Amino acid sequence: MCIGIPMQIEQCSNARALCTDNKGQQHDIDIMLIGAQKPGTWVMTFLNTARETLSAEQAHYTLQALQALEKVRQGEDFDHLFADLINREPELPAFLRQPAATQTTPAPEFTHDLNAAEDS
């Protein structure tokens with residue numbers, strides 16, 4: 001399984017950036033895929049390469065999910081790390097929701113008699 005790690009850019013130089021992870025450790029990250037970024041920008045990294053930029057909110061939720069994985073591994077409670085998801089119904093993304101006024105018609109039943117070909 002591949003797991004990306006959010007990091008925050010401290011400084012950029014050419015195709016490299018000095019980034020800090022959530023534990024305060026600094027990493028030399030290749031930023032050729034995303035181009036130069038301003039200090040403070042959050043990026044999703046994998047194998048010391050920035051794959052995409054993230055909003056601060058996306059970075060926060062991803063870091064909480066990674067922390068939850070560590071809590072599970074240690075047998076500790078992790079519900080507080082998903083406070084935005086606890087006690088609510090899951091929602092479909094907007095593109096999967098059907099407008100309420102739209103009626104769908106059922107597909108016609110397949111009525112072909114497979115035995116008819118054998119009888120002739």
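The values are calculated or read from the model by the stated rules, or taken from the named source; none is laboratory data. This one's a predicted model, so the numbers in the text were calculated from it and none came from an experiment. Please note: Cβ atoms are built from the backbone with ideal geometry, for glycine as well, and neighbour counts cover all protein chains shown.
Among the residues of the stretch 37-47, those that are under 14 Å from C12 (Cα atoms) and out of contact with any helix residue (DSSP H, G or I) (no Cβ under 7 Å at 6 or more places or on another chain) comprise Q37, K38, P39, G40, T41, V43. Taking the stretch 1-29 as the range and being under 18 Å from Q64 (Cβ atoms), at pLDDT 95 or above and polar (S, T, N, Q) as the test, the residues that pass are Q8, T20. Checked against (1) under 16 Å from the mean Cα position of the chain (by Cα); (2) modelled with pLDDT under 85, A100 meets all criteria but (1).
Hey, could you check the stretch 37-74 for residues that are charged (D, E, K, R) and closer than 22 Å to L85 by Cα and say which is modelled with the highest pLDDT? Even if it seems obvious, please write down each step before you answer.
Step one: of the stretch 37-74, the residues charged (D, E, K, R) are 38, 51-52, 57, 70-71, 73.
Filter once more, keeping what is closer than 22 Å to L85 by Cα: 57, 70-71, 73.
Numbers: E57: 96, E70: 89, K71: 90, R73: 90.
Ranking the candidates gives E57 first.
Within the stretch 18-43, residues that are on the phi < 0 side of the Ramachandran plot sit with their Cβ atoms under 9 Å from residues that are among the acidic types (D, E) and part of a loop (DSSP other than H, G, I, E, B), at 6+ positions apart or across chains, in these pairs: H27/D21. The residue that is nearest to L54 (Cα to Cα), among those in the stretch 7-36 that are polar (S, T, N, Q) and buried (at least 16 other Cβ atoms within 10 Å of the Cβ), is Q8. If you filter the stretch 72-99 down to residues that are at negative phi and among the small types (G, A, S), you find that the one that is surrounded by the most Cβ atoms within 10 Å (Cβ to Cβ) is A83.
Within the stretch 37-71, the set of residues being exposed (fewer than 14 other Cβ atoms within 10 Å of the Cβ) and assigned to a loop (DSSP other than H, G, I, E, B) comprises K38, P39, G40, L47, N48, S55.
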